[in-house]
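Bear in mind that the values in this text are calculations on the coordinates, not laboratory data. Computed from a prediction, not measured in an experiment: that's the story for all the values here. So basically every Cβ, Gly included, is an ideal-geometry build from the backbone, and we count neighbours across all protein chains shown.
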Amino acid sequence: MKKSSIVILLFLFHFNGFSQSTKGITGKRDTSYSLYSAYAGTIKSNPEAKIVNEIHSSSVVEERNITYCTIGSRKLLMDAFYPKQQNSNKRIAIIIVHGGGWRTGNRTLHYPLAQRLAELGYVCFTPEYRLSTEALYPAGVYDVKSSIRWVRRNAAKYNIDPNKIVVAGHSAGGELAVMMGATNDIVSFEGDG
């Protein structure tokens with residue numbers, strides 16, 4: 001083997017072993033990315049943009065601060081938005097995962113979307129997940145998968161078809177949503193939550 005190949009392999013081995021730095025772990029959630037901070041950044045280049053406020057509809061039931069998983073002493077929370085009117089047909093669930101570069105953001109970012117979709121007859125959930133300031137990858141994957149398991153276990157309560165659960169998201173939340181399907185049945189991505 002050529003000397004340059006050995007150097008490249010050692011370089012890759014060295015940095016692969018340290019690909020996730022723990023320097024950024026503070027143990028605290030960074031919620032600085034919010035609907036309002038995103039809006040403030042958007043209006044600079046798009047002054048016509050308007051912020052979408054929460055919808056408070058008498059036809060939608062909201063349950064907030066539901067513990068869907070506990071990891072150590074950390075309770076992971078989600079919120080549920082669903083139609084007040086009962087339907088004999090099982091509904092489709094939509095789990096909406098927030099963005100924020102895996103480091104910031106929170107589940108309240110998509111409340112208006114969840115509220116509007118609930119008005120249309122869907123049952124929506126907005127879970128939080130451990131950000132990179134709390135835990136390294138794949139912790140967020142484990143957490144979102146835990147939220148799916150929780151939704152399945154509680155399907156009867158929310159009149160959900162457990163075989164019709166959609167996971168959607170924005171930015172890092174979109175990546176996490178895609179990973180739900182891409183890592184399906186891969187034990188190392190399931191976590192134990």
Could you tell me the distance between the Cα centroids of the stretch 65-132 and the stretch 137-153, to the nearest Å?
12 Å
Give me the dipole magnitude in Debye, nearest 20, for the stretch 101-193 about the Cα centre, with unit charges on the beta carbon: positive for Lys and Arg, negative for Asp and Glu.
220 debye
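For the chain, give the magnitude of the charge dipole about the Cα centre (Cβ charges: +1 Lys/Arg, -1 Asp/Glu; no others), in debye to the nearest 20.
Around 260 debye, computed over the chain.
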Taking the chain as a Gaussian network, Cα atoms linked when under 10 Å apart, which of Ser171, Ser45, Ser57 shows the biggest mean-square fluctuation?
Ser45
Equivalent ellipsoid semi-axes - Cα gyration tensor, the stretch 117-192, angstrom
22, 14, 11
Provide the per-residue ³J(HN,Hα) series for the stretch 161-170, in order, calculated from phi with Karplus coefficients 6.51, -1.76, 1.60 and θ = phi - 60°, each as a whole number of Hz, with x at glycine and proline positions.
7, x, 9, 10, 10, 9, 10, 10, x, 10
Which ³J(HN,Hα) values in Hz, rounded to whole numbers, follow from the phi angles of the stretch 176-181 under the Karplus curve 6.51 cos²θ - 1.76 cosθ + 1.60, where θ = phi - 60° and Gly and Pro get x?
5, 4, 4, 5, 4, x
Pairs Lys50/Lys145; Lys44/Lys75; Lys84/Lys145; Lys28/Lys145: which exceed 31 Å Cα-Cα?
Lys50/Lys145; Lys44/Lys75
Taking springs between alpha-carbon atoms closer than 10 angstrom, which of Ala40, Ala93, Ala114 fluctuates most in the Gaussian network model of the chain?
Ala40
Using only alpha carbon pairs under 8 Å that are at least six residues apart, calculate the relative contact order of the chain and give it in whole percent.
24 percent
Determine the principal axes of the Cα atoms in the stretch 44-113, then give the extent along each, sorted from largest to smallest and rounded to whole angstroms.
46, 37, 18
Phi-based couplings in Hz for the stretch 120-133 (Karplus 6.51, -1.76, 1.60; Gly and Pro marked x):
8, x, 8, 9, 10, 10, 10, x, 8, 9, 5, 7, 5, 7
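What longest range of the chain stays clear of loop-exposed GluC sites (Glu not before Pro) (DSSP non-H/G/I/E/B, at most 14 other C-beta within 10 angstrom)?
By the stated rule (loop sites, at most 14 other Cβ atoms within 10 Å), 55-193.
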Around Gly173 (Cβ within 12 Å, Cβ-to-Cβ, excluding Gly173; K/R +1, D/E -1) the net charge comes to -2
Do any trypsin sites (Lys or Arg not before Pro) in the stretch 74-107 lie in a DSSP loop with no more than 13 other beta carbon atoms within 10 Å, and if so, which?
Lys84
Taking H as built 1.01 Å from N, whose amide H comes closer than 5 Å to the amide H of Gly100, not counting residues under 5 places away?
Ala172, Gly173
Share of alpha-carbon pairs per 10 Å distance bin for the chain, given as whole %:
9, 31, 31, 18, 7, 3, 1, 0
Once amide hydrogens are built 1.01 Å from N within the peptide plane, the residues lying 5 or more places from Val60 or on another chain with amide H under 5 Å from its amide H are Lys84
